[in-house]
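Undergrad: Below you'll find the structure I mean.
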Amino acid sequence: MLIIQITPRYYPALGGVEVFVQKTSELLSAKGHEVIVYTVDKCNGLPAVENINGVTVKRFTALFQDPLYLPEPKFSSNLRKEQADIIHAHNIHTFPPLIAAVNKQQKQHLVLQPHYHRYGQTPFRDSLFRLYQKTFYSLLFSKTSLIITNSMHETQTLRKDFPNTKGVILLPEGLDTKETQNVLYTPVSPKRILFVGTLKHYKNVHKLLKGFAWLTSNHKTDYRLVIVGDGPERSTLYSLAISLGLENLIEWKQGLTRTELLNEYSKASVFVMLSQLESFSRVVYDALFVGVPVVVYNFGALGSLVSNGFAEGIQSLTPQTISDAIIKASQSTYRRISSDSKNFLDWETYVQRLTVYYTNLLARTQ
């Protein structure tokens, strides 16, 4: 089976969608399928074509980068030449899935994985997204054979916003459950508050910095903040940390190996994720499996973790609210999430089920 994965960015770029597409691509390749990734991140010296762990990666430049990732014309012309059985497109907040829908051949099946969180990351991006929705979504969905959602929240949101959409199935995301459960959780002193993710405005790391400043100013306990990740907000966040007098209390890290990242989880007293735009957050689940108390914004897909007693939730992003939640999480005991949860699958099971869906689509054609 020849499978083409369509994604705005791919490894070495890091993020929830990027990690997800890389893992599924490599596992599908290991099972004997031919996998080609089409991505729109040919910059920073990355080659146009390379093989990464058995997966062929084809990179194209973007006419417009983040947030829409509109690819150059060669993306479409090359895609039309591919004799793929399945085209699996990710992230409907960007243009590549639409380009895939327009250029797929009649005999090919388009699988859409929306990673849908309803809103744009800024007011301007949200207005662009609304225009995109009204203009192109009926075309995209009409060309799609199957839509895969990764959480109940995403499923409900997608069906509410697009009530005529058909062929939606829920397939909870894959996680390295055994790997994280085997990490020895040994929080250290001074207490470490951990964030892991892309440094973009919607992740609200600037709010976390202000909450951390409140925490260190109003509580005598010694704390450190560890921020793991990179992104366009990095320099702005650096400057904000200095203005808040936090430069000696923050560790900035990026490019960590998986082992190094898990070591950060093992030492943390609290993990914080204040993003309101998550259809699923694997870094939050990593923290939960390791046993780190978690603070999340009580909204969207992460809200269910709060209602089920797995995490501490906050309703606002004021510095004092964030500070209070961190203190409470560090002193409280929460339910431990188990590997048989209905919210996710182990990777092996995930890819097995995904392959069944692919096979069923091909059987329809035959």
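The values are calculated or read from the model by the stated rules, or taken from the named source; none is laboratory data. What you see is a predicted model; the values in this text were computed from it and never measured. No Cβ is skipped: glycine too gets one built from the backbone with ideal geometry, and neighbour counts run over all protein chains shown. In case anyone asks, the SASA skips ligands and DNA or RNA and just uses the protein heavy atoms, side chains included. Shrake-Rupley method; radii C 1.70, N 1.55, O 1.52, S 1.80 Å.
Undergrad: In whole percent, what relative contact order does segment 214-315 give with Cα contacts below 8 Å and a gap of six or more residues?
TA: 19 percent
Undergrad: Picking from S145, S332, S279, which is most flexible by a Gaussian network model of the chain using Cα springs under 10 Å?
TA: Judging by the Gaussian network model, the answer is S332.
Undergrad: Dipole of segment 242-366 (Lys/Arg Cβ +1, Asp/Glu Cβ -1, origin at the Cα centre): which of S304, T359, I326 lies farthest to the positive side?
TA: Going by the charge dipole, the pick is T359.
Undergrad: Let me ask you something else. How much accessible area per residue does segment 1-44 have, in Å², with a 1.4 Å probe?
TA: So segment 1-44 comes to 34 Å² accessible per residue, rounded to a whole number.
Undergrad: Further question on the same structure: At a Cα cut-off below 16 Å, give the aspartates and glutamates reachable from K58, other chains included and same-chain residues fewer than 8 away excluded.
TA: E18, E26, E34, D41, E50, E72, E82
Undergrad: Which entries in K74/K143; K160/K200; K203/K328 show an alpha-carbon gap greater than 23 Å?
TA: K160/K200
Undergrad: Of the residues L199, L110, L237, which exhibits the maximal mean-square fluctuation in a Gaussian network model of the chain defined by a 10 Å Cα contact cut-off?
TA: L237
Undergrad: Could you tell me the relative contact order of the chain? Use alpha-carbon pairs under 8 Å, at least six residues apart, and round to a whole percent.
TA: Values: 672 pairs, mean separation 51.7, N = 366.
Dividing the mean separation by the residue count of the chain yields 14 percent.
Undergrad: Let me ask another. Taking N as the number of residues in segment 222-345, what is its Cα Rg relative to 2.2 N^0.38 Å?
TA: Against the compact-globule rule of thumb, the ratio is 1.07.
Undergrad: Packing-wise, with mean Cβ within 10 Å as the measure, how do 162-170, 69-77 rank, highest first?
TA: In descending order of packing, they fall as 69-77, 162-170.
Undergrad: Listed highest first by mean packing, meaning other Cβ atoms within 10 Å per residue, what order do 290-298, 239-247 come in?
TA: Working: 290-298: 24.1, 239-247: 14.2.
The densest-packed peptide leads the list: 290-298, 239-247.
Undergrad: If you roll a 1.4 Å probe over the heavy atoms of the protein chains, what accessible area per residue do you get for segment 168-267, in Å²?
TA: Ligands and nucleic acids excluded, the result is 47 Å² per residue.
Undergrad: Further, regarding this structure: Less than 19 Å from a label point 7 Å out along the Cα-to-Cβ axis of N53: which backbone N atoms in segment 285-316 qualify, by residue?
TA: Taking a point 7 Å out along Cα→Cβ of N53, the residues of segment 285-316 whose backbone N falls under 19 Å are 285-287.
Undergrad: Let me ask you something else. Once you have the Kirkwood Rh of the chain from its Cα pairs, apply Stokes-Einstein at 37 °C and 0.692 mPa s and quote D in µm²/s.
TA: 154 µm²/s
Undergrad: What is the percent carbon and sulfur in the accessible area of segment 127-238, measuring with a 1.4 Å probe over the protein chains and ignoring ligands?
TA: Carbon with sulfur: 53 percent of the solvent-accessible area.
Undergrad: Further question on the same structure: Could you name the aspartates and glutamates whose alpha carbon sits less than 20 Å from that of K210, not counting residues in the same chain fewer than 8 places away?
TA: The reachable aspartates and glutamates, counting only those whose Cα sits under 20 Å from K210, are D222, D230, E233, E247, E251, E312, D324.
Undergrad: How many times 2.2 N^0.38 Å is the alpha carbon radius of gyration of segment 287-366?
TA: 1.57
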